[in-house]
Amino acid sequence: MTENCQTTPSIPDGLPFPSAILSLMKKAVQLHRSGRTEEARRIYQQILIAFPEHPDALHLLGVAENEARNYETSVSLISAAIQSMPGQAPFYSNLGNAFRGLGRMQKAIACYQKSLDIDPEFHTVVYNLAVTYKQTRQVDKAEASARKALVLNPKCGQTWCLLGDILRQSTRIDESVMCFKNALAINPDFEQAWFHVGNAHRIRKETSKAVYCYERAPGINTN
């Protein structure tokens, strides 16, 4: 639940590159979105051989490296993309994700805030900022960011679950359970939300209800 939200791979309009390169980029993005990351990675690399400063190939190869947990490489590639094309909110968003992977939380927060300076309604970034504040024990800021993310996208079950977890850690159990139930109303198969509702029942000594919830979260370790 507290993993980064990656910015969906996409290509800004109007880049001054040959049509063949644009076609390759579109193919790579389709592969990347469908989970065929290695195939996409090879195309990004192919494009960068011909055009070493291609901003989107640099950025999306950086995203692929971040997904592979190669965080230093990701930071290098996305930083180069920003140099090549400043002012792109998704670039700063995913650079923040890479810094989070390295445990450099203040750098991550600065990147997310820069992304929001460019696009104040970027829900993904507000969510990631809430996660980072939570991880750095800045509870009030985490709650405020999660609530802002829900204003921007009230149908995001992942954000409801994040807010519920923040409230649970602040011992606001009843409020947290309502958040988890909102997440389950959006996605009845959301295992993380079932797990947290189960924890709430366990705290209340409601054993049978806790077991019921845990049974609906078989992929979550309850130990």
Against the definition (open to solvent by 30 Å² or more (accessible area, probe 1.4 Å), hydrophobic (A, V, I, L, M, F, W, C) and within 21 Å of residue 40 (Cβ to Cβ)), how does residue 50 come out, yes or no? yes
Just one listed residue, out of 205, 209, is assigned to a loop (DSSP other than H, G, I, E, B) and over 23 Å from the mean Cα position of the chain (by Cα), and it is 205
Subset of the range 69-81, residues without any contact (Cβ under 8 Å) to a residue 24 or more places away in the chain and in contact with a helix residue (DSSP H, G or I) (Cβ under 8 Å, 6 or more places away or on another chain), comes to 73, 76, 77, 78, 79
Within the range 65-92, of all residues that are small (Gly, Ala, Ser) and not in a helix (DSSP H, G or I), the one farthest from the chain's Cα centre (by Cα) is 87
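Among the residues of the range 24-45, are any within 18 Å of residue 112 (Cα to Cα), assigned to a helix (DSSP H, G or I), among the aromatic types (Phe, Trp, Tyr) and modelled with pLDDT of 90 or more?
No, there is no match, as no residue in the range 24-45 is within 18 Å of residue 112 (Cα to Cα), assigned to a helix (DSSP H, G or I), among the aromatic types (Phe, Trp, Tyr) and modelled with pLDDT of 90 or more.
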In the set 173, 186, the lone residue that is closer than 18 Å to residue 124 by Cβ, open to solvent by 20 Å² or more (accessible area, probe 1.4 Å) and more than 16 Å from the chain's Cα centre (by Cα) is 186
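The values are calculated or read from the model by the stated rules, or taken from the named source; none is laboratory data. Keep in mind that what you see is a predicted model, and the values were worked out from it rather than measured. Cβ coordinates were reconstructed from backbone atoms using ideal geometry, including for glycine residues, and neighbour counts include every protein chain displayed. Side chains are part of the model used for accessible areas, which takes the heavy atoms of the whole protein and leaves out ligands, DNA and RNA. Shrake-Rupley method; radii C 1.70, N 1.55, O 1.52, S 1.80 Å.
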